[in-house]
Amino acid sequence: MTKPKVHVRKGDTVKVIRGKDAGKKGKVLEVQPRRNRVIVESINKVKRHTRPTQGAPQGGIVEREAAINASNVLMVCGKCNEPTRLGKRVLDTDKKVRYCKKCGEVLD
């Protein structure tokens, strides 16, 4: 069985291209490759009702980010500051890197 792959990594800046938050940018907080989903900072906020616990004795309604499908986000290039598709290149040091398909900038 092959390991599932997602085109973005934790810490990448992405732009949402589909859904209710389309057009917004945020940082990837978590990647879930088996489910092909990502959690992006301040995107797809949902409200969760929580029970009182020792950590939160009050309980109540907590707002947090929910996962969105990885196909609904595009990586934002640091150089051209635009959402772009990613390509892969092997450098002369035999290291695989991701690069911006618009400007050719190496992103890793």
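The values are calculated or read from the model by the stated rules, or taken from the named source; none is laboratory data. Note that the coordinates shown come from a computational prediction; the quantities given were computed from them, not determined experimentally. Note that each Cβ is placed from the backbone with ideal geometry, even for glycine, and that neighbours are counted across all protein chains shown.
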Is at least one residue of the range 46-62 exposed (fewer than 15 other Cβ atoms within 10 Å of the Cβ) and within 25 Å of PRO4 (Cβ to Cβ)?
yes
Look at the range 26-36 and say how many of its residues are crowded, with 18+ Cβ neighbours inside 10 Å and of a type in the set (Lys, Arg).
0
A careful count of residues in the range 60-102 that are of a type outside the set (Ser, Thr, Tyr) and not in a strand (DSSP E or B) gives 17
In the range 1-56, how many residues are within 24 Å of GLY87 (Cβ to Cβ) and β-branched (Val, Ile, Thr)?
11
In this structure, does VAL31 turn out to be closer than 21 Å to LYS102 by Cβ and not assigned by TED's automatic domain parsing to the domain that holds LEU107?
no
Can you pull out the residues in the range 1-54 that are in contact with a strand residue (DSSP E or B) (Cβ under 8 Å, 6 or more places away or on another chain), assigned to a loop (DSSP other than H, G, I, E, B) and among the aliphatic types (A, V, I, L, M)?
VAL6, VAL8, ILE17, ALA22, ILE43
For the range 25-44, give me the residue count where each residue is in contact with a Lys or Arg (Cβ under 7 Å, 6 or more places away or on another chain) and of a type outside the set (A, V, I, L, M, F, W, C).
4
If we keep just the residues of the range 73-93 that are surrounded by fewer than 13 Cβ atoms within 10 Å (Cβ to Cβ) and hydrophobic (A, V, I, L, M, F, W, C), which is modelled with the lowest pLDDT?
LEU91
Taking the range 6-20 only, how many residues are among the charged types (D, E, K, R) and either surrounded by fewer than 17 Cβ atoms within 10 Å (Cβ to Cβ) or not assigned by TED's automatic domain parsing to the domain that holds ALA70 (or both)?
4
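Looking at ALA56, is it at negative phi, at pLDDT 95 or above, of a type in the set (Gly, Ala, Ser) and in the same structural domain as LYS10 (by TED's automatic domain parsing)? Walk me through how you get there before you give the answer.
Details: at negative phi: yes; at pLDDT 95 or above: no; of a type in the set (Gly, Ala, Ser): yes; in the same structural domain as LYS10 (by TED's automatic domain parsing): yes.
Judged against the criteria, ALA56 is not a match.
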